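Chemist: Below: one structure in structure tokens.
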Amino acid sequence: MTAKCVMVLGTTSGAGKSWLATALCRHYVRQGLRVVPFKAQNMSNNARVVEGGEIGSAQYFQALAARAVPEVRMNPLLLKPERDTHSQVVLLGQVSAELTGLPWRGRSERVWPEIAASLDALRAENDVVVIEGAGSPAEINLMASDIVNLRVARHADARCLLVTDIDRGGAFAHLYGTWALMPEADRALLRGFVLNKFRGDAALLAPAPQMLQDMTGVPTVATLPMWWQHGLAEEDGVFNDRSTATGEVTCTIAVVAYPRISNLDEFQPLKNMPGVRLRWVRSPAELADADWVVLPGSKHTSGDLAWLRAQGLDRAVAAHAARGGRVLGVCGGLQMLGEALIDPHGIDGNAPGLGLLPLVTVFAPDKTVRQRDATFATLTGAWSALSNVGVRGYEIHHGQTMPHSAMAAAGDHAHVAMPDGVAWQNAAGNVLGVYLHGLFEDPAVLHALFGTSAPTLDAVFDGLADFIDTHFLPGVLSSLID
């Protein structure tokens, strides 16, 4: 068996590659085919735990859409930015200190054999591989060391779609310019242009699609209307700031969006919840009317904590907690809630914490990466609805957190919210810190907190597939795998 490969390229980051690849995975699996996703190299702090380590969240969800078991071959190389000029390198699910220390261009030939082998193995086991590119295939400064766009397309003899965000403006120039900068032999792999996020009457686009086809030989095969609430988490840290909610707003949840935020996709179910307004905040004023404040994960906890202080958000979070407002810290957010970050090995950095939980975190070279089933203990106060609720989630973090010994000796104890150092609560009951990602993807947690649930992922995937079935020209999707 050698799978047909359908590849989604984009004119820019954020053009719509990830969600379109997810939709294609569900479309083709509904045809009775064995389907898997693939992305050679992903740069994202949104990661999921699978057998063998961690992969980018986009490929995790694409695998679920394809009704396949997510695995490390689907995203063999993951770059997790820690600073503007430095990323942690994860190869086949595991952190590689050697690759992390290499210059960007120096990695390509070292990792290409693993990338090619992963793709070849997936092709041998399946009918269709849906491949996602990264950024743009026209980044000519990177083309010589490319391992994620055209090199992959050539290796797989992929039938490629090129998607652009027409809402940004300049879509036809983006499509033509990308085509023009691609090597001539690679242009032959392009089977169609896709206009994404279009508002208005598609008939008004004429005669541009035909003119573009006359110049390039590539047809425009779909014009996809703007669709904000498809239910799939945004990829690459790109999220809209619309404070939307379905129906009457009964709860406003403010998630602090610091620069190295990680695993923000786990909050998508809250965005889908009726009556919940999810707000990404970067200033104290935006916390004023929040019912909850969430400190999410971070790929550089001490750096994001310094940013939070520079914005005055440390005082705003403390004031919210002092008023009895709910505060939730997840992973790096839990570490921030404690008294101190201690870094004897130069992993993340030393820093004083926010002091909302009597805990201390010590960073260590080893990284905790695991799936986990856990059950909340008996909680008090604002989070008491979670008492004895079982949850399945995942951990991805450096460092271990423990009670502050001097504070505990003085009688200031953190209440154990989950066993084995996974979660703690303050004495008043309104501040909760957990290492477990994925709480809001668990129906039991949503039901306990809100009395209802968000749409299932299966319903979201089917909605995406229905959408492209409706808006692609007839026969195009089947022709890509003929």
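The values are calculated or read from the model by the stated rules, or taken from the named source; none is laboratory data. It should be emphasised that the depicted structure is a prediction, and the values quoted were computed from it without experimental measurement. Every residue, glycine among them, receives a Cβ derived from its backbone with ideal geometry; neighbour counts consider all protein chains shown. When the accessible area is computed, the model is the full protein with side chains, heavy atoms only, and any ligands, DNA or RNA have been set aside. Shrake-Rupley method; radii C 1.70, N 1.55, O 1.52, S 1.80 Å.
Chemist: Assuming 0.36 nm per residue, please report the length gained on full extension of the stretch residue 406 to residue 125 beyond their Cα-Cα distance.
Modeler: Extending this stretch completely gives an extra 95.5 nm.
Chemist: Any idea how far apart residue 282 and residue 69 come out in nm if each label point goes 7 Å out from Cα toward Cβ?
Modeler: 4.2 nm
Chemist: Pulled fully out, how much extra length does the chain show between residue 31 and residue 428, if you take 0.36 nm times their separation in residues and subtract their Cα-Cα distance?
Modeler: Working: separation 397, 0.36 × 397 = 142.92 nm, distance 5.39 nm.
Residue separation times 0.36 nm, minus the Cα-Cα distance, leaves 137.5 nm.
Chemist: Another question, if that's okay. When the chain is fully extended, how far beyond the present Cα-Cα distance does residue 185 get from residue 12, taking 0.36 nm per residue of separation? Please report the intermediate quantities before stating the final value.
Modeler: On the way: separation 173, 0.36 × 173 = 62.28 nm, distance 2.12 nm.
My answer for the length gained is 60.2 nm.
Chemist: Moving on. How would 413, 404 line up by accessible area, probe 1.4 Å, largest first? Mind showing how you got there, number by number?
Modeler: Numbers: 413 115, 404 55 Å².
Largest accessible area first, the list is 413, 404.
Chemist: Kindly provide the helix-only [θ] at 222 nm of the chain, computed as the sum of -39,500 (n - 2.57) over DSSP H runs of four or more divided by all residues, to the nearest 500 deg cm²/dmol? Don't jump to the answer; show the numbers that get you there.
Modeler: Values: 16 runs with 142 residues, N = 482.
Calculated from helices alone, the mean residue ellipticity at 222 nm is -8500 deg cm²/dmol.
Chemist: Turning to a different aspect of this structure: Accessible area per residue, 1.4 Å probe, Å², for segment 27-75: what's the number?
Modeler: Details: 1440 Å² over 49 residues.
Result: 29 Å² per residue.
Chemist: Say the dipole of segment 46-103 comes from +1 at the beta carbon of Lys and Arg and -1 at that of Asp and Glu; which of 97, 78, 64 then lies farthest toward its positive end?
Modeler: It is 64, whose Cα lies furthest towards the positive end.
Chemist: What order do 111, 476 take when sorted by accessible area (1.4 Å probe), most exposed first?
Modeler: Largest accessible area first, the residues go 476, 111.
Chemist: Could you state how much accessible area residue 104 has, in square angstrom rounded to the nearest 10, with a 1.4 Å probe and all protein chains kept in place?
Modeler: 110 Å²
Chemist: Could I ask something else about it? Send over a whole-number figure in Å² for the accessible area per residue of segment 405-471, probe 1.4 Å. Intermediate results must be reported in sequence, preceding the final value.
Modeler: Details: 2700 Å² over 67 residues.
It amounts to 40 Å² per residue over segment 405-471.
Chemist: Another question, if that's okay. Could you check what % of the DSSP bridge pairs in the chain are antiparallel, to the nearest 5? Intermediate results must be reported in sequence, preceding the final value.
Modeler: On the way: 37 of 86 bridges.
That works out to approximately 45 percent antiparallel.
Chemist: Magnitude of the Cβ-charge dipole of the chain, K/R +1 and D/E -1, about the Cα centre, nearest 20 debye? Walk me through the numbers before you get to the answer.
Modeler: On the way: 38 positive and 48 negative charges, 53 e Å.
In total the dipole reaches around 260 debye.
Chemist: Can you give me the Cα centroid spacing of segment 416-482 and segment 175-206 in angstrom?
Modeler: 32 Å
Chemist: Not counting ligands, DNA or RNA, and with a 1.4 Å probe, what is residue 221's accessible surface area in Å² rounded to the nearest 10?
Modeler: Counting only protein heavy atoms, the figure is 10 Å².
Chemist: Something else now. How would 267, 467 rank on accessible area, largest to smallest, probe 1.4 Å?
Modeler: 467, 267
Chemist: Ok, one more. When the accessible area of the chain is computed with all protein chains present and a 1.4 Å probe, what percentage of it is carbon and sulfur?
Modeler: Values: 9750 of 18330 Å².
The C+S portion of the solvent-accessible surface of the chain is 53 percent.
Chemist: Okay, moving on. Just want to confirm a number: the relative contact order over the chain, from Cα pairs under 8 angstrom separated by 6+ residues, in percent.
Modeler: Details: 1084 pairs, mean separation 69.0, N = 482.
Reported as a whole number, the value is 14 percent.
Chemist: Select from 409, 478, 434 the residue farthest towards the positive end of the dipole of segment 407-482; place +1 on Cβ of Lys and Arg, -1 on Cβ of Asp and Glu, and compute about the Cα centre.
Modeler: Farthest along the dipole direction, towards plus: 409.
Chemist: As a test question: what accessible area, to the nearest 10 Å², does residue 347 have when a 1.4 Å probe is rolled over all protein chains in place?
Modeler: 60 Å²
Chemist: Continuing with the same structure: Accessible area per residue of segment 139-286 at 1.4 Å probe, in Å²?
Modeler: Accessible area per residue, segment 139-286: 43 Å².
Chemist: On to the next question. Rg (Å, one decimal) plus Dmax (Å, integer) for the alpha carbons of segment 84-201?
Modeler: For segment 84-201, the Cα radius of gyration and maximum Cα-Cα distance read 16.4, 53 Å.
Chemist: Note down the nm distance, to one decimal, between modelled labels 7 Å out along Cα→Cβ at residue 213 and at residue 378.
Modeler: A separation of 7.0 nm, rounded to one decimal place.
Chemist: If you don't mind, another one. Which FRET efficiency, nearest 0.05, do residue 387 and residue 97 yield, Cβ-Cβ r, R0 41 Å? Before the final figure, lay out each step's value.
Modeler: On the way: r = 42 Å, r/R0 = 1.01.
Once the sixth-power term is evaluated, E becomes 0.50.
Chemist: Over segment 345-419, calculate the relative contact order: mean separation of alpha carbon pairs under 8 Å at least 6 apart, over the residue count, as a percent.
Modeler: Details: 107 pairs, mean separation 28.3, N = 75.
The normalised contact order for segment 345-419 reaches 38 percent.
Chemist: Determine the relative contact order of segment 189-334: mean sequence separation of Cα pairs under 8 Å and six or more apart, normalised by residue count, in whole percent. Display every interim value, and only then the final one.
Modeler: Values: 231 pairs, mean separation 29.5, N = 146.
Over segment 189-334, the number comes to 20 percent.
Chemist: To continue, here is another question. So, R0 is 30 Å and r is the distance between the beta-carbons of residue 143 and residue 114; what FRET efficiency does that work out to, to 0.05? All intermediate terms of the calculation are to be shown ahead of the outcome.
Modeler: Working: r = 21 Å, r/R0 = 0.69.
E between residue 143 and residue 114, to the nearest 0.05, is 0.90.
Chemist: Between residue 476 and residue 413, take the C-beta separation as r, use R0 = 56 Å, and let me know the FRET efficiency to the nearest 0.05.
Modeler: Working: r = 62 Å, r/R0 = 1.11.
Once rounded, the FRET efficiency stands at 0.35.
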